[in-house]
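This report concerns only the one structure given below.
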Amino acid sequence: MVRGLERREIFRDDQDRESFLNRLEIALEQTAAKCRAFALMPNHVHLLITSGKAKISLAMQILLTRYAGYYNWRHHRSGRLFQNRFKSILCDKDAYFLALVRYIHLNPLRAGIVPDLAQLDKYQWTGHAVYMGRQKRT
């Protein structure tokens, strides 16, 4: 998980969200990591990533540095975008893995971004819609 500095928004619009996901794809390709679940919230992001040929910290460095540069350039600002280092938790049990996928994908519903499961099925900024076949992501 990574949060905006002082809990500020890190996405102003869908173009920002799409840019973040594009940069995530690049970081995953460069490190051979896999994203198993994601949820883009207004002021934070949840990612469930399995490591590849490099440590997850390298994928996160690539992603967050490039996104912050883009965001600052696009919105004519400077300085840090993210609060502290990303938070990571080792997931070494199948049951915990499934619980994390569920938690991450239900986050927009719990936060009131979408009103119900039917809308969550269509919400493009979480991996849930991909698993439900409503959105395409690589």
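Against the list (1) in a helix (DSSP H, G or I); (2) more than 24 Å from Glu25 (Cβ to Cβ); (3) among the polar types (S, T, N, Q), the condition Asn107 fails is (2). Scanning region 85-113 for residues that are exposed (fewer than 10 other Cβ atoms within 10 Å of the Cβ) and within 18 Å of Phe20 (Cβ to Cβ) yields a count of 0.
Looking only at residues in region 110-138 that are part of a loop (DSSP other than H, G, I, E, B) and among the basic types (Lys, Arg), the one that is modelled with the highest pLDDT is Lys122.
Val130 passes every criterion in (1) of a type in the set (A, V, I, L, M, F, W, C); (2) under 20 Å from Thr50 (Cα atoms); (3) buried (at least 16 other Cβ atoms within 10 Å of the Cβ); (4) touching a residue at least 60 places away in the same chain (Cβ under 8 Å) apart from (4).
Residues in region 1-58 that are assigned to a strand (DSSP E or B), within 12 Å of the chain's Cα centre (by Cα) and within 19 Å of Phe97 (Cβ to Cβ): Cys35, Arg36, Ala37, Phe38, Ala39, Val45, His46, Leu47, Leu48, Ile49.
In region 58-107, which residue that is of a type in the set (Gly, Ala, Ser) and within 21 Å of Ala32 (Cα to Cα) is modelled with the lowest pLDDT? Restricting to residues being of a type in the set (Gly, Ala, Ser) and within 21 Å of Ala32 (Cα to Cα), the top hit is Ser88. Considering the conditions (1) in contact (Cβ under 8 Å) with a residue 12 or more places away in the chain; (2) farther than 15 Å from Leu5 by Cα; (3) of a type in the set (D, E, K, R), Lys87 is excluded by exactly one of them, (2). Restricting attention to region 62-78, the residues that are touching a residue at least 12 places away in the same chain (Cβ under 8 Å) and either loosely packed, with under 15 Cβ neighbours inside 10 Å or not small (Gly, Ala, Ser) (or both) total 9. In summary, Arg23 fulfils each of the numbered conditions (1) under 16 Å from Phe86 (Cβ atoms); (2) touching a residue at least 60 places away in the same chain (Cβ under 8 Å); (3) among the basic types (Lys, Arg) with the single exception of condition (2). Among the residues of region 100-113, the one identified as farther than 11 Å from Met41 by Cα and either among the β-branched types (Val, Ile, Thr) or more than 17 Å from the chain's Cα centre (by Cα) (or both) is Val101.
Table: residues versus (1) of a type outside the set (S, T, N, Q); (2) farther than 21 Å from Glu9 by Cα.
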| residue | (1), (2) |
| --- | --- |
| Ala27 | yes, yes |
| Ala37 | yes, no |
| Thr50 | no, yes |
| Leu58 | yes, yes |
| His76 | yes, no |
| Pro115 | yes, no |
| Thr126 | no, no |
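The values are calculated or read from the model by the stated rules, or taken from the named source; none is laboratory data. Quick caveat, the model's predicted, so the values are computed rather than measured. A quick note on method: Cβ atoms are made from the backbone with ideal geometry, for glycine too, and the neighbour counts reach across all protein chains shown.
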